[in-house]
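This report concerns only the one structure given below.
The values are calculated or read from the model by the stated rules, or taken from the named source; none is laboratory data. Keep in mind that what you see is a predicted model, and the values were worked out from it rather than measured. Cβ sites come from the backbone with ideal geometry, for glycine too, and all protein chains shown count toward neighbours.
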Amino acid sequence: MDIKKQLELITMPPTEEILTLRDLEFFLEHGVQLRHYIGFEISGFVHLGTGLVCGLKIAQLQKAKAKIKVFLADYHSWINDKLGGNLDVIRNVAKKYFAEAMKLSIKVMGGNPNATEFILASEFYEENPEYWAIVLDVAKNVTLSRVRRAITIMGRKAGEKIDFAKLIYPCMQVADIFALNVNLPHGGMDQRKAHVIAREIAKKLKKKQLKARIDFEEQIIKPIALHHSLLPGLKMSMALYHRIIDAEKKGEKDKIRDLLIDAKMSKSIPETCIFIHDTEEEIKRKIKAAFCPPREIKWNPIIRIAELIIFPSDGKLLVERPQKYGGSIEYASFDALKKDFIEGKLHPLDLKNAVAEWLIKKLKPVRDYFSGPGKSAIEELQQLRITR
């Protein structure tokens, strides 16, 4: 595969940012094997923003010849009080539900789950006792104030009252990159702060460094960070929408990033998200009730599903509608759909119906699995959600 095609696959949506593109080009030009990883907290049902967005990016990276690791971060989930803070429960859900959900997500988005290595964090740490020395090495190279600012990667607010274990979490996430020996850490834009720290201290660490053979010489390298866009929640309010617009007008990039993190699809608020196992009726109901103002495309969740999932995956979207409303139309590019929506030629309800039908069809294998062989995993997690 030529470098141009690899770059296209790596940088196409849902990718929002590469730190840095020049480093990536350098790696590809010198034949450095891309070793990817993405880590997930185990905290509940998988929704579109985790399953389809990440599954699509993994599929694209596989096509770009990257080696893929999915890290099931059970210790991190325990530290962050997920699933009642019960480590045994977290491990069980990670293996029985989450890993299977991500394998299905990767498959329906065109990837190969069999070419994906799934790693349970606690097992990896037990097999690699030097990991904790790497955590300490990271901690020695970052200030307390920097760590406190980085707790936003956990969905926490900077300055929030927390137990001390949560301050270890950012150092662990950075250490994971080096312990796993990966040079392409991947996450949503909300994980950016940990990846920036990893790049900044990469050449300062003593216990573990990333290396690559370049021009017949082994060199110490920085990891390249890949960040995908966050999918907005379906129930974004007009008030939050206008706060984001206002921050954009003022050029307040950090504020925009924080507001978008607040607005992202969240499993803790089921009506803001579509779970990958949702029934056809649930998908239709949630999409129909979603925020989708006419002619407005920025941070519009329905538009973003089309932009970040549908078109990068299939390259087209069929909108079926009665002849009196213009008849059915198949959009062959997101730009064409966006143009018609902005000009009012595509009604929000017609777009919603098309997106709902696409999701229903795409997610059928996932629904079939979790209503059949994987039904017990869903039922067990539902019970946990009720009692905890």
**Prompt:** Looking at (1) touching a strand residue (DSSP E or B) at 6+ places or on another chain (Cβ under 6 Å); (2) over 23 Å from Gly51 (Cα atoms); (3) of a type outside the set (Val, Ile, Thr), which is the one condition that is false for Leu167?
**Reply:** (1)
**Asked** Of all residues in the range 352-388 being at pLDDT 95 or above and either among the aromatic types (Phe, Trp, Tyr) or in contact with a Leu (Cβ under 7 Å, 6 or more places away or on another chain) (or both), which is farthest from Phe275 (Cα to Cα)?
**Response** Ala354
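Table: residues versus (1) modelled with pLDDT of 95 or more; (2) of a type in the set (Phe, Trp, Tyr); (3) not in a loop (DSSP other than H, G, I, E, B).
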| residue | (1), (2), (3) |
| --- | --- |
| Glu25 | yes, no, yes |
| Gln33 | yes, no, no |
| Gly39 | yes, no, yes |
| Gly44 | no, no, no |
| Gln60 | yes, no, yes |
| Lys65 | yes, no, no |
| Phe71 | yes, yes, yes |
**Asked** Within the range 65-93, which residues are under 18 Å from the mean Cα position of the chain (by Cα) and small (Gly, Ala, Ser)?
**Response** Ala66, Ala73, Ser77
**Asked** Would the range 278-297 turn up any residue that is touching a residue at least 24 places away in the same chain (Cβ under 8 Å), among the hydrophobic types (A, V, I, L, M, F, W, C), surrounded by fewer than 17 Cβ atoms within 10 Å (Cβ to Cβ) and over 20 Å from Met265 (Cα atoms)?
**Response** no
**Message:** Pairs please, first residue from the range 99-122 and on the phi > 0 side of the Ramachandran plot, second anywhere and part of a helix (DSSP H, G or I), Cβ atoms under 7 Å, 6+ apart in sequence or on different chains.
**Reply:** Gly110/Ala59; Gly110/Ser313
**Message:** Condition check: more than 30 Å from Ala212 (Cβ to Cβ), in the same structural domain as Pro223 (by TED's automatic domain parsing) and more than 19 Å from the chain's Cα centre (by Cα). Does Lys96 satisfy that?
**Reply:** yes
**Prompt:** Among Ile3, Ile38, Ile10, which is within 16 Å of the chain's Cα centre (by Cα) and either farther than 20 Å from Lys193 by Cα or not assigned by TED's automatic domain parsing to the domain that holds Asp215 (or both)?
**Reply:** Ile10
